[in-house]
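Undergrad: Take a look at this one; I'll ask things after.
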Amino acid sequence: MQKDNRVLSPEQVALQQDYIEKNRVFYLDRLKRQPLGCVVTFGCQQNEADTELIKGMMVDMGFALTETPEKADVLVFNTCAIREHAEMRALGNVGETSHYKKANPNMLVCICGCMVQQQHVADKVKASYPYVDIVFDTHALWRFPEFLHERLSGSRRIFDLSGDERGLILENIKPVRKERPSAWLSIAYGCNNFCSYCVVPYVRGRERSRRPEDIVGEAERLLAQGYRDITLLGQNVNSYGSDLEGCCAFPELLRRINALPGDFRVRFMTSHPKDATHELFDTMAACEKVCRSIHLPVQSGSDRVLKRMNRRYDSEKYISLVDYARKLMPEITITSDIIVGFPGETEEDFEQTVALLEKVRFDSLFTFIYSRRKGTPAYDMPEQVPRDVKQVRFDRLMELQNRISWEKNEKYVGTMQRVLIDGISEDKNYELSARTEGFKLVHLRGDRSMIGEYADVLIERNSTWALFGRMV
Ligand code: 5AD
Ligand code: SF4
């Protein structure tokens, strides 16, 4: 078999396994009890999936997991860099640990993820957060047991930011997932698109696709374990496989997963409109287990802004994609992301975004205020939009989208929906939360033993954010 340079070699796996064993013995000897591990996660689903791998390594090292950071013997912050706000929150949390360490001097504090991959942030942590023990980037995730061992053996604070943008893919670690029935399944890491506002390609490196047989194998295992709702993850799932020779493209991967036996749902995120093809929508329409639901970030309704964002599509192409999808699948739910206040965005540009929203009528929308990210082309663009202007635009889009979301949800009232019950409701008047095929949140009454089951539900009322129903 040809050697795959993107996947950990057997030697690398064996070495980390050795560190895992050493750390397990170390903690048992030192503490005479099971050590506690905690991972605090910021940011996107990709980070959540990485956290599941870190937790998997912790469990292999003999840790029990806790959600209470101050109780942990090893505390990891898995951070995000996408907007300044995410960084401020992470650094605020890291700052708290100086108090935890007073109560538990043996605690080890680690930071990983996108935020520390930026040299200026790593420098800041080094200088101003002396109680942080280990800092490593997303590419070095697999070396976590090794870093822990080094620090436990008395090494100085560790800052390992190899910046090896190829990043190795971990196929050997068993992630600790959230409760059934929903699971993340990473299919690709990194991004090649270099949207001019976005830091992701710089911190996560070039796109690396997992081998289709590894992905399908993992999906099979998830189904055998009782998972029923699998979300395939990648920064741009539509370019999946372009780095693998002779590999299947994304629609083919969907078809292979759809062919697995069992009553389950598969979804995916995120789709870049420039790579979303008719074949993708044809496949969604033809595959009964692929949910008729897509997150298709448009970012702006102004072609001038889209060009400056380096998105490589225009609003006409975007709208024609949506039209095609809805013609094939009238019930499809479409959600999106918008950035307001991109440098140089004029009132006229903004009005074009408003017009696009009115035209497309998304089921829901994530609106973000543009955040200047060091090292990206947009950082240096003149005409940065003043904060108060951004806020006014943000508020206006929220108001508009709230109305649209409410109207869209109202259309479900009186219909029957097949939902998958996925957890406990956060609404005190209901016991269960569930999702429709289109990922609409539904609150229901019923017994917790039904979590993980499908149910047929009559939708009785709606709000902007959710539907409320009754099992029939
Ligand atoms: N500022 C604001 N929003 C951003 N996003 C990415 N980079 C930035 C930034 N610098 C948004 C985009 C993307 C989503 C995940 O985050 O809308 O689709
Ligand atoms: Fe960032 Fe664009 Fe890549 Fe998405 S596609 S991660 S917005 S560079």
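Undergrad: Mind counting the residues in region 124-144 that are assigned to a helix (DSSP H, G or I) and modelled with pLDDT of 95 or more?
TA: First, pick out the residues of region 124-144 that are assigned to a helix (DSSP H, G or I): 124-128, 138-144.
Add one more test, that the residue is modelled with pLDDT of 95 or more, and what stays is 124-128, 144.
Residues flagged as assigned to a helix (DSSP H, G or I) and modelled with pLDDT of 95 or more within region 124-144 amount to 6.
Undergrad: Hey, among Thr68, Thr97, Thr41, which residue is over 29 Å from Ala188 (Cβ atoms) and either open to solvent by 20 Å² or more (accessible area, probe 1.4 Å) or of a type in the set (A, V, I, L, M) (or both)?
TA: Unique residue meeting the criteria: Thr68.
Undergrad: Return the residue satisfying two criteria in turn: it lies in region 252-273 and is part of a helix (DSSP H, G or I), open to solvent by less than 40 Å² (accessible area, probe 1.4 Å) and free of Cβ contacts under 8 Å to residues at least 60 places away in the same chain, and of such residues it is farthest from ligand 1 (Cβ to nearest atom).
TA: Initially, region 252-273 is screened for residues part of a helix (DSSP H, G or I), giving 252-258, 273.
Imposing the further condition that a residue be open to solvent by less than 40 Å² (accessible area, probe 1.4 Å) reduces the set to 253-254, 257-258, 273.
With free of Cβ contacts under 8 Å to residues at least 60 places away in the same chain added as a condition, the list becomes 254, 257-258, 273.
Working: Leu254: 21, Ile257: 24, Asn258: 26, Pro273: 11 Å.
Out of the qualifying residues, it is Asn258.
Undergrad: Now for a separate question. Can you spot a residue in region 172-184 that is open to solvent by 10 Å² or more (accessible area, probe 1.4 Å), touching a residue at least 24 places away in the same chain (Cβ under 8 Å), of a type in the set (A, V, I, L, M, F, W, C) and assigned to a loop (DSSP other than H, G, I, E, B)?
TA: yes
Undergrad: Can you tell me how many residues within region 274-330 are polar (S, T, N, Q), within 14 Å of ligand 1 (Cβ to nearest atom) and not in a loop (DSSP other than H, G, I, E, B)? Working first, answer last.
TA: Residues of region 274-330 polar (S, T, N, Q): 277, 283, 293, 299-300, 302, 310, 315, 320.
Then drop every residue that is not within 14 Å of ligand 1 (Cβ to nearest atom), which leaves 299-300, 310.
So of that shortlist, the ones also not in a loop (DSSP other than H, G, I, E, B) come out as 299.
The number of residues fulfilling the criteria is 1.
Undergrad: Ok, one more. Taking Ser293 as meeting all but one of (1) open to solvent by 10 Å² or more (accessible area, probe 1.4 Å); (2) within 20 Å of Cys191 (Cα to Cα), write down the number of the exception.
TA: For Ser293, the failing item is (2).
Undergrad: Please specify each residue of region 198-233 satisfying the condition of being in contact with a strand residue (DSSP E or B) (Cβ under 6 Å, 6 or more places away or on another chain), open to solvent by less than 10 Å² (accessible area, probe 1.4 Å), within 16 Å of ligand 2 (Cβ to nearest atom) and not aliphatic (A, V, I, L, M).
TA: Scanning region 198-233 gives a single hit, Ser209.
Undergrad: Turning to a different aspect of this structure: Identify, by number, the condition in (1) at positive phi; (2) in contact with an Asp or Glu (Cβ under 8 Å, 6 or more places away or on another chain) that Arg292 doesn't meet.
TA: (1)
Undergrad: Just for region 296-321: of the residues that are crowded, with 22+ Cβ neighbours inside 10 Å and of a type in the set (Val, Ile, Thr), which one is nearest to ligand 2 (Cβ to nearest atom)?
TA: Filtering region 296-321 for residues that are crowded, with 22+ Cβ neighbours inside 10 Å and of a type in the set (Val, Ile, Thr), the one nearest to ligand 2 (Cβ to nearest atom) comes out as Val298.
Undergrad: Something else about it: So, in region 371-386, of the ones that are part of a helix (DSSP H, G or I) and without any contact (Cβ under 8 Å) to a residue 24 or more places away in the chain, which residue ends up surrounded by the fewest Cβ atoms within 10 Å (Cβ to Cβ)?
TA: Only one residue fits best here, namely Asp380.
The values are calculated or read from the model by the stated rules, or taken from the named source; none is laboratory data. Computed from a predicted structure; not experimentally measured. All Cβ positions, glycine included, derive from the backbone under ideal geometry; neighbour counts span all protein chains shown. Ligands, DNA and RNA are stripped out before the accessible areas are found, and what is left, the full protein with its side chains, is counted by its heavy atoms. Shrake-Rupley method; radii C 1.70, N 1.55, O 1.52, S 1.80 Å.
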